[in-house]
Each structure stands twice: as C-alpha cells, then as structure tokens.
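No value in this document is a laboratory result; all are computed from the given coordinates. Source: prediction; values computed, not measured. Positions of Cβ are backbone-derived with ideal geometry, glycine not excepted, and every protein chain shown enters the neighbour counts.
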Amino acid sequence: MQSSDPPAYVPSHDLDLIGFKATADAVRANIERVIVGQRETITLLLVALFANGHTLIEDVPGMGKTIMARSLARSIGGEFHRIQCTPDLLPGDITGISFYNQKQGEFEFRPGPIFAQVVLADEINRATPRTQSALLEAMAEQQVTVENDTMPLPAPFLLMATQNPIELEGTFALPEAQLDRFLLRLRMGYPSKDEERAILRRFRAAAPLDDLAPVATSDAILRLMGTVQQVYLDPVIEDYLLAIVRATREDPSIELGVSPRGALALARACQALAAVEGRSFVTPDDVKRLAVPVLAHRLITTVETRLHGHAGDLVLAEVVNHVPVPVESLAP
C-alpha cells in the first residue's frame, strides 16, 4: 500500500538569487530616493509584491503612504491608480461599468481604477461593506466580474489599502474575511528628528517623485515572483511556523486563532523575504520578523484582553516569544 504523504521537498540550487537581490535592492533604493527612513516598511512592501500578496497600512494621514505607492509603481514601470474610499463609493466605481456606445451600437466596458499594477485604496474603512466586498475577488483571484463577464487584472497586481486607526467616526470595520486577504499589515510611524529634517530638505527644493525612473520592468518582477516558491523551507522551520500558528488557537487571551490561510501566508512571505535578502532558504529569524505583520490582523482577542488594552500585536508577540526557536543549521 502506497503512502499518502506528499513527496519530500527538494531544495533548488538553480535560483538566480544574485539577480533577485539586485533587482530588489535597486527597487528599494529607488523608492528611498523619495521616501526617507522607512527601510523596513519598504522591504516588507517588496515582500508583499514578490509573494503576490497585498498590504494594509494603518497610520495617521500625512505619513507618505500615497507617495510610497506611487514610487513603487514607477520603480517597476507599472501603472498606478488611487481609489479614495468614501461612503457613497459604489462597486462599479472600483471595477468599472458597461455602457451603451451609441456610435458603435453595442455595449462597451469602461475599466475602473482597479485595473493597474499598483492600486491604493485610501481609507478603505470609509467604504461601505458592499463596496469593500468588490475588492475581495480582485485580491484573491486577480480578476473582476462585471455583469457575468470575468476580466483578469494586470500583473503583477498589488493592492495597498490604508486606514486611519484613530478616527473611527463614519467608518466601517473591515470584516475578518477581508482582513485575512491582506498578506501584511504595516505601520509606518513618525520619522526621527534627523529623518524629518531630511524630508524637509528633500521636498523643499523639488519633487523627487517627478524625476523617478523605472529600475525594473513588470515582466522582470513576474519572473522573480515565480522563483519565490522554490526557496527552501526546511521541515524544522515548518514545525516552528506551525507551532506559532497553533499556539494562537490555544492561547486563552485569543478568541479566534490564525487560520490555515494565515499559515500559508506566513510561509510564502518568509520565502519572499529570504529571496529579497539573497538567501535560498528560510531561517527562524524570518519567521519571527514576519509573524506579527502577517498574523496579528488575522486573530481576534477576547473581550477581557481588549478591555485591558492589549492589542493583537502585543498578544502575538508574547505567543512568539514562548515558542521554542530551532537552533540547528537549516541551509540546504
């Protein structure tokens, strides 16, 4: 009788990691010509791009989220569209509409702003649940359906959504199903004094975004995305990753733990991070570094935990700290 276990994973030694890292470094450096002091955020944004995921950025207005999205789009030679989410925004305002062309005597489709390589959904929690749901198909399947016609989105496709964590009046909380579709949740934070001085000087004389030229192509990004899944994920790392995921389901301060989709997202993000840093294998540090931005928004803490002011990020960090870290060599 044959075993039902999947075949053992064989690490690939044919990855062009030098080219991968060179491209990632070039895109990051190009974005940093505009954005000051956000290297970790930019790195994680590249992780989302190469892992074919999406990002939710929670921060107050004026932190440079829109400029960062525009800089990324220009750096990879992609098209950028911005969606300003408001309560009166309709699903058709995002996906596009079919209209009757009297000159042609037939219906035509007018694409909405979702048809771009990099799309910024600004203040996504101000859109109604019906409109928010219009983004689900785009995020999950990179396609939209309008009047029974399904149309693919440009590739690569990265949705960056923002929301203000302070101002809650007139907003609609994102449902768990939609939060689970975001690969990463990021927070930029205020710059340091020296970084803010650099921002003042950089933007006082000119607009650096106007002169930003592409340093990669969309086709090159797509080729590199295809190699991410070949990055080696040792069984020891798999056990460590799964131990963290399962610990979220057993922690008494967590009401709803991380789903299997969350485990898959963490594994994919770790592979992308390893490739961005020029490695052919995932390390425990990759898992620890990405656990909070990938998993924290996927769990629901108990009422008692929230009343005590303990956010999901803090609870998950405690969970990660209590899971033993493997220490043996993991290079293939």
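Restriction of the GluC sites (Glu not before Pro) in segment 105-154 to DSSP coil positions whose beta-carbon has at most 12 other beta-carbons within 10 angstrom yields GLU147. Shown in residue order for segment 89-96 are the 3J(HN,Hα) couplings computed by the Karplus curve 6.51 cos²θ - 1.76 cosθ + 1.60 at θ = phi - 60°: 5, 9, x, x, 5, 9, 7, x Hz (x for Gly and Pro). Here the contact order of the chain, divided by its residue count and restricted to Cα pairs under 8 Å and six or more residues apart, works out to 22 percent.
Can you tell me how segment 170-209 classifies by the Cα gyration tensor, rounded, prolate or oblate, using a/c under 1.5 as the rounded cut? Since a/c reaches 1.5 and a/b is larger than b/c, the shape of segment 170-209 is classed as prolate. Database remark: amide H of VAL146 closer than 5 angstrom to the amide H of MET151 (H placed geometrically; neighbours at sequence offset of 5 or more, or on other chains; Pro and chain starts carry no H). Cβ-to-Cβ counts within 10 Å put PHE107, PHE281 in ascending order as PHE107, PHE281, the fewest first.
Binning all Cα-Cα separations of the chain at 10 Å, short to long from zero, yields these whole-percent fractions: 5, 23, 32, 26, 11, 2, 0, 0.
Spread over its residues, the convex hull of the C-alpha atoms of segment 231-322 is 79 Å³ per residue. Note on MET63, MET151: ascending count of other Cβ atoms within 10 Å places them as MET151, MET63, the fewest first. The DSSP beta bridges internal to segment 17-223 are antiparallel in roughly 40% of cases. With the highest mean first, a sort of the peptides 291-300, 187-196 on other beta-carbon atoms found within 10 angstrom per residue produces 291-300, 187-196. Can you work out the base-10 log of I(q)/I(0) for segment 20-162 at q = 0.09, 0.10, 0.14, 0.20 1/Å, using the Debye formula on its C-alpha atoms alone? Log-scaled intensity ratios, in q order: -0.30, -0.37, -0.68, -1.20.
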